[in-house]
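Engineer: Here you go, one structure.
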């Protein structure tokens, strides 16, 4: 039976960065020729991104078709055509034990991030329709994180996406935070952060 992984889930960016995570990708270096157009894949060195069905799109700063509190976007954002559903594969030289990112969501449907390791699904973090449209999620684990999948609903109506990926190299034991999860490689958890529903201003 495989050993259990120790996971800490964060929804506060400052708390996550305090564990030693640093900014690994913010999409600002994506060339003009690769922005605002459909992409079948996007390889940025430490990360490779793949769409599930519709093309990936790196949306330049200033887009107005995201949700209230997000539009206009202040930086380049990874999104896709239609309802967003894409994956990111970690390609670092050293195993990474922490991965976090900014989420740009909407008030139309739920969204979630699935984190994967060598043995399969490590954790699923879910956000409901009342989640703040700019949110953060990250995990820290004593097992290497190999990839993630971002899935949202209603992205074909009001865009969603990700930005500002933070990572840290694998360490023996993650620091405790607000709560720590013990789970097998195939276990999954879901959390929802809630707020009062806001209107959309796309």
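Throughout, read-outs are computed from the coordinates displayed, never taken from laboratory work. Predicted model only: the values in this text are computed from it and were never measured. Here the Cβ positions follow ideal geometry from the backbone for every residue, glycine too, while neighbour counts run over all protein chains shown.
Engineer: Looking at the structure I just gave you, is residue 18 surrounded by 12 or more Cβ atoms within 10 Å (Cβ to Cβ) and either out of contact with any strand residue (DSSP E or B) (no Cβ under 7 Å at 6 or more places or on another chain) or more than 20 Å from residue 142 (Cα to Cα) (or both)?
Structural biologist: Working: surrounded by 12 or more Cβ atoms within 10 Å (Cβ to Cβ): yes; either out of contact with any strand residue (DSSP E or B) (no Cβ under 7 Å at 6 or more places or on another chain) or more than 20 Å from residue 142 (Cα to Cα) (or both): yes.
It is true that residue 18 is surrounded by 12 or more Cβ atoms within 10 Å (Cβ to Cβ) and either out of contact with any strand residue (DSSP E or B) (no Cβ under 7 Å at 6 or more places or on another chain) or more than 20 Å from residue 142 (Cα to Cα) (or both).
Engineer: If you take the residues in the range 68-87 that are under 16 Å from residue 50 (Cβ atoms) and more than 16 Å from the chain's Cα centre (by Cα), which one is surrounded by the fewest Cβ atoms within 10 Å (Cβ to Cβ)?
Structural biologist: Here the residue is 82.
Engineer: If you go through the range 37-47 one residue at a time, do you hit one that is out of contact with any strand residue (DSSP E or B) (no Cβ under 6 Å at 6 or more places or on another chain), in contact (Cβ under 8 Å) with a residue 24 or more places away in the chain and surrounded by 18 or more Cβ atoms within 10 Å (Cβ to Cβ)?
Structural biologist: No: the range 37-47 contains no residue that is out of contact with any strand residue (DSSP E or B) (no Cβ under 6 Å at 6 or more places or on another chain), in contact (Cβ under 8 Å) with a residue 24 or more places away in the chain and surrounded by 18 or more Cβ atoms within 10 Å (Cβ to Cβ).
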